[in-house]
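A.B. asks: Mind looking over this structure? Questions follow.
The values are calculated or read from the model by the stated rules, or taken from the named source; none is laboratory data. Note that the structure is a prediction, hence the values are computed from the model and not measured. Backbone-built Cβ (ideal geometry, glycine too); neighbour counts: all protein chains shown.
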Amino acid sequence: MKLNKTLMMAALMAGSLFATGSLQAQDNTNTPPTAPAPGAPGGRARMTPEQLTKDLGLSDDQQAKFKEAMQDMRKKQQDLRKDTTLAQEDKRAKMKEINEAFQAKAKEILTAEQFAKLQKLMPGPRNRPAAATPKN
């Protein structure tokens, strides 16, 4: 009688393990994670001048100046990324200077309201959640 109880318990435990394993296998759909929305934190989406023009409601004059400022910033960033003579720390410092120069130029071109909206739209450390900010 004691042997029957032991065998029954072992059979129930084995059955529950198999059932749990098959349920977990059904939950795993092997779908890749979805990419963040453009402009969302963590996303590497690039805001185009046309997209920003629409989102910020720029006038024709503002649009031309802003597009030129963005193109200048991106050219400087690309050149800096290609520069293999600088140390990583120097590149970071230079990138920060480029971004600050763009921010100053944008502040001249945009109204205060448009600039505030730009700050929210542009990817960068100022828009990352505190937990995602790297700590050096």
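A.B. asks: Return only the number of the condition from (1) part of a loop (DSSP other than H, G, I, E, B); (2) among the small types (Gly, Ala, Ser); (3) at pLDDT 85 or above that Ala93 does not satisfy.
C.D. replies: It fails just one condition, (1).
A.B. asks: Separate question: What pairs come out if I take residues in the stretch 65-88 that are assigned to a loop (DSSP other than H, G, I, E, B) and pair them with residues that are modelled with pLDDT of 90 or more whose C-beta lies under 8 Å away, six or more apart or interchain?
C.D. replies: Within 8 Å, the pairs are Asp83/Lys91; Leu86/Leu80; Leu86/Lys94.
A.B. asks: With at pLDDT 90 or above and under 19 Å from Gln119 (Cβ atoms) as the only criterion, which of Glu100, Glu68 stands out?
C.D. replies: Working: Glu68 fails: under 19 Å from Gln119 (Cβ atoms).
Going through Glu100, Glu68 in turn, the sole match is Glu100.
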